[in-house]
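Structure, as structure tokens:
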Amino acid sequence: MTRTTRHFAVALLLLIATACGTTRPERGRPASPVKSGTGELRTDLDPLTARFPLLAAAVKAEWMSGTLGDDRVPGPSTYWIDAVVTLPEATLAEIDRGTREDTTPPAVVEGLRDRLPGGPYLTGRSLDDAFTTATWSASAYRAKGTDVLVLVARGQ
């Protein structure tokens, strides 16, 4: 093997290793889309019940919403809603079968974190499915021993 061929082979191997290697987010850039919004804490129920019919019986709610990602990037937007909702026990009893206990608090925006009830939380597919619709995907968490549900949703 000639010296030129060896250099070419090494360069080719480095190129392949670089192309096949795992990529990491650039320093200082988040790994997942950032939630952006107005920062307004809302308490009106109509926008929530229009998107999540099971919240029609809600006693009260505190929630925030906005879009995911960078507003400077063109294209359709993905929306998010984070909500802390008080529901009647009868509604909760219908949907929290098959849940499991989790001590990790739900990942809500900063403006709602101090409004989260203390854990542990009950979570599971039955709760998520109760709030997932054709246009919204949801993760739901019931604060154990309370009538408070935390909803983290993304939709179109």
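The values are calculated or read from the model by the stated rules, or taken from the named source; none is laboratory data. This one's a predicted model, so the numbers in the text were calculated from it and none came from an experiment. Reconstructed Cβ throughout: ideal geometry from the backbone, glycine too, with neighbour counts over all protein chains shown.
For the stretch 110-156, name all the residues that are aliphatic (A, V, I, L, M) and surrounded by fewer than 17 Cβ atoms within 10 Å (Cβ to Cβ). Once the filter is applied, which keeps residues that are aliphatic (A, V, I, L, M) and surrounded by fewer than 17 Cβ atoms within 10 Å (Cβ to Cβ), the stretch 110-156 yields only Ala134.
Taking the listed residues Ala83, Ala107, the one that is over 12 Å from Ala143 (Cβ atoms), crowded, with 16+ Cβ neighbours inside 10 Å and small (Gly, Ala, Ser) is Ala83, with no other qualifying. When Leu122 is tested against (1) within 21 Å of Asp46 (Cα to Cα); (2) over 14 Å from the mean Cα position of the chain (by Cα); (3) not in a loop (DSSP other than H, G, I, E, B), only condition (1) is not met. Out of (1) aliphatic (A, V, I, L, M); (2) modelled with pLDDT of 85 or more; (3) farther than 18 Å from Pro106 by Cα, what's the single condition that is false for Leu41? Among (1) aliphatic (A, V, I, L, M); (2) modelled with pLDDT of 85 or more; (3) farther than 18 Å from Pro106 by Cα, Leu41 violates only (3).
Condition first: part of a strand (DSSP E or B) and more than 18 Å from Ala61 (Cβ to Cβ). Now tell me which residues in the stretch 128-153 satisfy that.
Across the stretch 128-153, the qualifying residue is only Ser137.
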